[in-house]
Every structure is written in structure tokens, then in C-alpha cells.
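Computed from the coordinates by the stated procedures, all read-outs in this text should not be read as laboratory data. Keep in mind that this is a model prediction, so the values were computed, not measured. Please note: Cβ atoms are built from the backbone with ideal geometry, for glycine as well, and neighbour counts cover all protein chains shown.
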């Protein structure tokens, strides 16, 4: 029984007092061998087309100075977040991306790696990013402070964006599903139709949010080259 509305996000799924919540992030490993030893089917061909399209787009965003194979980091990030977002749409499966534990760990580790690489190898280039072109001399100290703050909060904004979008849809579905007690049949049918529409919207949000995280991470990495 829910003690409050947010208790649906509590880690409470267990078997013999062994928590199975975070195991949902590892379920994708079960499907990896499938693509290697079986004949490629339509789903696998479509997924390869998506990966190739993302590779070309990320390569364009990162510019000519990027390392070979660096786009696959962001393709893996996109795949991991997309898979966990989709898992959250199934009943009784823990949505790991709705917790800052996962989302902040991903964004903070990537942001720190970008910052370490940029300040160690391209210090002059990183200092240039602190002051936009055409800034008056009197405003330069303020622009440095503003750009520093905006750079520091980047991993937090990425993590909160993903977490908030995952929580919002699940809360709305939970609120609607808890209102069907003692309702007329025609209202229940209408409610089911609305929930189907919301579930379709949540599917689109799962794709969009994983794409947004991957694109923004690519843009952040392109600034340190």
C-alpha cells in the first residue's frame, strides 16, 4: 500500500529480502548475444540503421577534431538510457532513470571527464569559452562568473531533466489509475483511452529524453576540443 504518491518510486521490489530494483539496468545484457548468433531480423536491421544515423549526426556535431570512435560513447549512452526508460513503462519494473542516483552518476562522470580533458590539454581554448566574442571589457568579469556557473550546473540540469520527465509521466498515470473506483462504465472506458494516449506520450518522451541527453553530451564534449 502506498504511503504517499511518490512511494511508487521507492526501491521496494525484493525476493527473500534481496533487492532486485537496480537489476533492471542490467537486463539489456541478456539481449546482446541475440544480435550475434541469430540471423538478423527486422528489429536488428532497424536498430543498426538508427545507430548509423546517430553516428553520422554525432560525428557532425563533434567536428573534424574528434577522435575516431568517440561517437560510440554517446551512442551507448543513448541506448542505455532509452532501454531503461522503456523498461519503466512495463508494470512492476523499477524505473532506474527516475532516480538521481543513476542519472546524476552518468552525467556527472561524463562532465568531469570532459572538464579534465579540456583543462589539461586545451586550457587556452577553455579560457576562450569563458568570454563570448564581442563582450565589452567592463562586462568580462561578470561573463566569466556567469559562464562558470552555467558550466558547473550542466550535469545537474541534465540529470534533473531526465529524472523529472520520467517521474512526471509515471505520476500522472498513477493518479489517473487511482481514480477509477466507483466510476460509471463509460467513464472507465474514457479513462482507459486517456491512459493509452498517455502511455503513447510516455513512449515518445522515453525516446526524446534519451536523444536529448546524448545530443547535449555531444555538444558539451565538442566544446573541449
At R0 = 25 Å, how high is the FRET efficiency between residue 49 and residue 113 if r is their beta carbon distance? Nearest 0.05 is fine. 0.30
Quick check of the Kirkwood formula: for region 93-225, what is the inverse mean of 1/r over all pairs of different Cα atoms, in Å? 17.9
Mind jotting down a quarter of the surface of the convex hull over the alpha carbons of region 5-222, in square nanometres, one decimal? 18.1
Could you work out how far apart the two model spin labels at residue 128 and residue 143 are, taking each label as a point 7 Å from the Cα in the direction of the beta carbon, and quote it in nm? 1.4
Between residue 100 and residue 152, the two model label points (7 Å from Cα along the beta-carbon direction) sit apart by a distance in nm of 1.6
For residue 70 and residue 41 in one chain, what is 0.36 nm times their gap in residues minus the Cα-Cα distance, to one decimal in nm? 7.7 nm
Ordering of 215-221, 132-138 by packing [mean C-beta count within 10 Å, highest first]: 215-221, 132-138
Note down the nm distance, to one decimal, between modelled labels 7 Å out along Cα→Cβ at residue 178 and at residue 216. 2.9
Tell me, what is the FRET efficiency for residue 193 and residue 223 to the nearest 0.05, using R0 = 45 angstrom and their Cβ-Cβ distance as r? 0.50
